Amino acid sequence: MDDRLDENVIRACQKGDKAAYAVLVKTYYKDVFAQCLGMLGNIHDAEDATQEAMLKGLLRIGELHKPDLFESWILQIARNLCIDFLRRQKRMRTSGVKESSRSGLQASDDDTLQRAISRLPQELRVPLTMFYFDGKNAKKIAEKLNISHSGACKRIRQARQQLHELLTERTYDE
Amino acid sequence: MNSDCERMKDQIADLVTGILSEAQVQEVELHLSECNVCRDYAQALKNEDALLTEFVADMDTDMTSRQERLLQTIDRSCQSKQIETLPIRRIIMKSPITKLVAAAVIIASVLIVASQFGGSGTSVAWGEVIGRLDASQGVIYRRTMTRSNRPGEDGYWTIYSCPTHSRTDQYKADQITDSLYCDYDAKTLVSIQHGRKSYFDHQLGEKAVREHQTEVAPKAWLQKFLSCEYRKLGQKIIDGVLCEGIETTDPALDESGSPVESALARLWVSVETGYPVRCEGSVVFEGDDGVRITAVLDKFQWDIELDPSEFEPKIPPDYKLMD
């Protein structure tokens, strides 16, 4: 979406135009989802977090004074929600009870690749997921994550190498 | 492998991923033409790259339905006029003189938004949830269960339940393996094993019928949950629905009689309809093995009129009746 259209759509949202909401959802859903998937490592949790982030963003869109910053703003909301979610999960683990909400679904999912991705450290999983969702554009990933282009490339490379190790290790295990 | 290989590994990964600078491509390709080990490594990374691309493409195909679910949720919240509240808040904030007064208005607006978010209801009346289930004519839902000591036996059940009949279809790896049809009035239970192409036809006693009814209907599980000590979790979007949740760690939730080391269960109920959207529980039993059982009840379709044909056992002609 170009900046001008973006601004018009966001202004319309701020005036309560429901059709404009649909445009924003269709434009930014994928980016938010990719980031949530990278942070949470689970499709279902990522979908929940994306929903929550988009709803929260739409509810608070009146607070956004610079429409051109919508993308980084909504990604930040999603990031905060994912951090909260991971903190809750950590608390559950330290209290001796494993988070159960997705275990059934994960256990029945025999997707080797998805399991390997979920085992990557978060700092590598996020750029890797976003990179593949974003048409393999490392420059865009760098902008979205607010890191240098070389930093983004390095993380993507390390993610690919560690993923290869995990997949190879899995093959040997089997 | 030669001494260049280790140095080349990073560049090979970059080449395959498409992020290697033009200047380095030639050098890496030359090395690949001379080194079998690195060529294999590059090929493996290429295969994984294709897998990753396919993985994302698969998810992309579901993206539209995910967006639709979100838009439906937004539609529901729009109906409660929350969207119209926001511009008013902006107008108020434009005047610095009224900022202090506005602060109070903003808090009130946020509260209105929060209370109107799910439509007509302001929050879930937990005491009324069971009564609502009683009023539901029929329900379809999914039950997923896993046991840590039986890996590979994971599966799920799709359960159709109404006051007079039930049907349970068991699935493993998305293939139906067993079906159970129970007629509470006729007291019959037909059990079909699809893998063995066989079926059983049982006549049940009154007690067995009641036990089966209790096991199949989600009401008993929910009653047990609500009788435990629980804490409120607040609101959250679950499966595209605004829900309010409660959580319990009361070991009494488990009725197996085995000593329980820890238990955790959550119940999420739609703010709009008052019907459960998701129940999830995990119990770890005492002992060296620490067996963990997790169960999830979801994909509920409440208060639906189930066609009687749903409860007629469908037995293919080549299936054998077992004694």
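Please compute the average number of Cβ atoms from other chains found within 10 Å of each residue's Cβ in peptide A:17-27.
That average works out to 3.
Using a cut-off of 24 Å between alpha-carbon atoms, which lysines can reach B:K187, once sequence neighbours fewer than 8 places away in the same chain are excluded?
Straight-distance partners of B:K187: B:K197, B:K207, B:K219, B:K314, B:K320.
Among the listed pairs B:K236/B:K299; A:K26/A:K56; A:K15/A:K144; A:K136/B:K46; A:K30/A:K154; A:K144/B:K9, which have their C-alpha atoms separated by more than 18 angstrom in this model?
In this structure, A:K15/A:K144; A:K30/A:K154; A:K144/B:K9 lie more than 18 Å apart at Cα.
None of the figures in this text is laboratory data; all of them are computed from the coordinates on show. Keep in mind that this is a model prediction, so the values were computed, not measured. Glycine gets a Cβ as well: all are built from the backbone with ideal geometry, and neighbour counts include every protein chain shown.
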